[in-house]
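Following this message is one structure expressed as structure tokens.
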Amino acid sequence: MSMALDYAMETANGAHCGELQIVTADGTELASLDGLQGLWTEEQFLKLVAGTNRLVEFTDGWIEILPVPTRTHQAILGFVYRVLYPFILELGGELYLSGLGMRTRPGKFRQPDLLALLDAADPRNQNAYWHGADWVLEVVSPGDPNRDLVQKRSDYAEAGVPEYWIVNPLNDTITVLTLADGQYVEHGLFRPGDRADSPTLPGFTVDVAAVFASGEPAKREGS
């Protein structure tokens with residue numbers, strides 16, 4: 001029998017309540033794992049991640065299954081990856097899409113949309129998950145913007161990531177944050193007509209208008 005991990009979201013009294021479940025391929029619930037929330041160990045979390053195709057994050061014993069990304073989200077992410085990958089490769093570094101987790105501190109794992117190391121030989125570059133990064137990017141999700149705008153900002157600062165890009169399709173802006181004394185400060189807020197640049201990656205720039213245009217459905221000939 002094929003089984004999967006799921007996170008059912010329901011609305012109760014105006015708030016979202018999640019239930020962590022094991023379900024069959026047709027969506028039949030086999031067991032609820034909610035009673036284990038707050039009790040998961042890192043070892044258990046990593047075994048769980050290895051057995052599911054869902055993106056999962058972990059905070060001090062609590063597991064969260066991330067929502068499935070939209071087409072716009074994936075199109076923007078793919079565009080930035082294609083532009084940045086040759087630059088990182090030339091530096092001798094590595095760049096990966098979401099799916100490779102990052103341990104931001106003991107007891108906390110995140111799934112950045114993009115994460116890069118400038119040196120492939122960096123000891124933080126491990127197979128199961130990274131122990132940090134030099135550069136990360138998140139595309140803001142419409143369902144919970146504060147997650148990327150506020151929470152992830154705190155998470156990546158705590159992890160000591162030197163640079164964090166927030167690509168926001170809700171207002172067509174790219175915010176580039178750099179770490180100073182353990183906190184992020186704004187290097188630049190870039191809009192269509194600008195080229196966003198990176199202090200951590202000198203010489204790398206990207207056309208902001210092109211980034212957000214990549215998220216729009218391609219117009220068919222004759223339409």
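Values quoted throughout were computed directly from the atomic coordinates according to the rules given, and no laboratory measurement underlies them. Keep in mind the model is a prediction, meaning the values are calculated, not measured. FYI the Cβ positions are ideal-geometry reconstructions off the backbone, even for glycines, and counts take in every protein chain you see.
Length gain on complete extension for the stretch D194 to L97, per 0.36 nm per residue less the alpha carbon to alpha carbon distance?
Working: separation 97, 0.36 × 97 = 34.92 nm, distance 2.45 nm.
Stretched out fully, the D194 to L97 stretch lengthens by 32.5 nm.
How much net charge surrounds E94 when only the other residues with a Cβ under 9 Å from the Cβ of E94 are counted, with Lys and Arg +1 and Asp and Glu -1?
Cβ neighbours under 9 Å give a net charge of -2.
What are the ³J(HN,Hα) couplings of segment 126-143, residue after residue, when phi is run through the Karplus curve with 6.51, -1.76, 1.60 and θ = phi - 60°? Round to Hz, x for glycine and proline.
Result, ordered by residue: 10, 6, 6, 6, 8, 9, x, 7, 8, 7, 9, 9, 10, 8, 5, 8, x, x Hz.
Rounded, prolate or oblate: which fits segment 71-213, taking a ≥ b ≥ c as square roots of the Cα gyration tensor eigenvalues, rounded meaning a/c under 1.5, else prolate when a/b beats b/c?
Rounded is the answer for segment 71-213, as its axis ratio a/c remains below 1.5.
Of E138, E43, how do they rank once you tally other Cβ atoms within 10 Å and put the fewest first?
Ranking E138, E43 by Cβ neighbours within 10 Å, fewest first, gives E43, E138.
How far, in nm, would the chain grow between D181 and T52 when pulled straight, counting 0.36 nm per residue and subtracting the alpha carbon separation? Show your work: numbers first, answer last.
Numbers: separation 129, 0.36 × 129 = 46.44 nm, distance 3.73 nm.
Roughly 42.7 nm would be gained on extension.
Per-residue HN-Hα couplings for segment 193-205, Karplus 6.51 cos²θ - 1.76 cosθ + 1.60 at θ = phi - 60°, whole Hz, x for Gly and Pro?
The phi angles translate into x, 9, 10, 6, 10, 10, x, 6, 10, x, x, 8, 9 Hz.
Take the alpha-carbon centre of segment 135-167, take the same for segment 180-218, and report the distance between them in whole Å.
Cα centroid to Cα centroid, the span is 14 Å.
From the phi angles alone, apply the Karplus equation (6.51, -1.76, 1.60; θ = phi - 60°) to segment 49-65 and give each ³J(HN,Hα) in whole Hz, x where the residue is Gly or Pro.
Going residue by residue, I get 4, 5, x, 9, 9, 8, 7, 10, 10, 9, 9, 6, x, 10, 10, 10, 8 Hz, with x marking Gly and Pro.
Can you tell me how much longer the chain between D172 and A209 gets when fully stretched, taken as 0.36 nm per residue apart minus their C-alpha distance, in nm with one decimal?
Extra length available between D172 and A209 comes to 12.5 nm.
In what order do L97, L177 fall by count of nearby beta-carbon atoms within 10 Å, going from fewest to most?
L97, L177
Between G101 and residues 5 or more places away or on another chain, which pairs have amide H atoms under 5 Å apart, with H built 1.01 Å from N, and which residues are they?
Amide H neighbours of G101: W130.
Okay, moving on. Taking every DSSP beta bridge that has both residues in segment 71-213, what percent is antiparallel when rounded to the nearest 5?
In segment 71-213, approximately 75 percent of DSSP beta bridges are antiparallel ones.
Amide H to amide H, which residues 5 or more places from A196 or on other chains are under 5 Å from it, using H placed in the peptide plane?
Sorted by chain and number, the residues that satisfy this are V206, V208.
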